[in-house]
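The values are calculated or read from the model by the stated rules, or taken from the named source; none is laboratory data. Bear in mind the structure is a predicted one, so any value in this text is a computation, not a measurement. Here the Cβ positions follow ideal geometry from the backbone for every residue, glycine too, while neighbour counts run over all protein chains shown. Each accessible area value is taken on the protein alone, full model and side chains, heavy atoms only, with ligands, DNA and RNA left out. Shrake-Rupley method; radii C 1.70, N 1.55, O 1.52, S 1.80 Å.
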Amino acid sequence: MKIVPVACLEDNYSYLIVDESTKAAAAVDPVEPEKVLAAASEVGAYVDCILTTHHHWDHAGGNEKMRLLVPGIKVYGGSMDNVKGCTNQVENGTKLSLGKDTEILCLHTPCHTKGHISYYVTSKEEEDPAVFTGDTLFIAGCGRFFEGTAEQMYQSLCVTLGSLPKSTRVYCGHEAKFGAKSPVEALRTVRNTKDTWKG
């Protein structure tokens, strides 16, 4: 499988998960549909479905436009979230297929929203798996607790996502840059803050 990040809005990421055998692609949180479709065209793929992590506008806000631009497209979203444009609700443990070689496992990772879904993706045996975590897990932290509790976030991070294989590549919905010019600078800022904290 090929994963194509698509920068959207100010600090969001949409992604294309491309099944390389068939060129079928799943678009993760395509908030800016034209950008996502252009990225698919650039790699010779076609968008077959949408995987929505949660109902917030900066993740689900492009679903209805994508449905207009790609008639008949399936839009997946959590059954406990009110995902705009959703055609197919998923739950923890729902399995989806993409193309010939790519499998997707839906993981309920609540707290940021009550119905937040992370998507665990596997392909050919020699390829490392990937997980698309939306606003549950970031590289330098986790999402805000809008609709859940600390216990739910602990379960989502430490049990559900923490039980995935160590080789799993993590693709988050966005990364706060803390006023930095790049994610690398942001990580340096976080590391420096942690190293100098005297709490």
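In the condition set (1) modelled with pLDDT of 95 or more; (2) open to solvent by 30 Å² or more (accessible area, probe 1.4 Å); (3) under 19 Å from Glu91 (Cα atoms); (4) of a type outside the set (Phe, Trp, Tyr), Val121 is compliant with all but (2).
Of the numbered criteria (1) on the phi < 0 side of the Ramachandran plot; (2) out of contact with any Gly (no Cβ under 6 Å at 6 or more places or on another chain), the one Val31 fails is (2). Of the numbered criteria (1) free of Cβ contacts under 8 Å to residues at least 40 places away in the same chain; (2) more than 17 Å from the chain's Cα centre (by Cα); (3) more than 30 Å from Arg144 (Cβ to Cβ), the one Thr22 fails is (1). A single member of Cys111, Cys49 is closer than 30 Å to Thr193 by Cα and open to solvent by less than 40 Å² (accessible area, probe 1.4 Å), and it is Cys111. Set side by side, the residues Leu51, Leu105, Leu96, Leu137 differ, and just one is under 30 Å from Glu151 (Cα atoms), of a type in the set (A, V, I, L, M) and at pLDDT below 95, which is Leu137.
To keep it simple, each residue is scored yes or no on (1) part of a helix (DSSP H, G or I); (2) open to solvent by less than 80 Å² (accessible area, probe 1.4 Å); (3) modelled with pLDDT of 80 or more.
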position	(1), (2), (3)
Phe145	no, no, yes
Gln152	yes, yes, yes
Gln155	yes, no, yes
Cys158	yes, yes, yes
Val170	no, yes, yes
Glu185	yes, yes, no
Thr189	yes, yes, no
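Considering only residues that are under 18 Å from His174 (Cα atoms) and among the charged types (D, E, K, R), look in region 4-34 and name the one that is most open to solvent (accessible area, probe 1.4 Å). If we take residues in region 4-34 being under 18 Å from His174 (Cα atoms) and among the charged types (D, E, K, R), then Glu10 is most open to solvent (accessible area, probe 1.4 Å).
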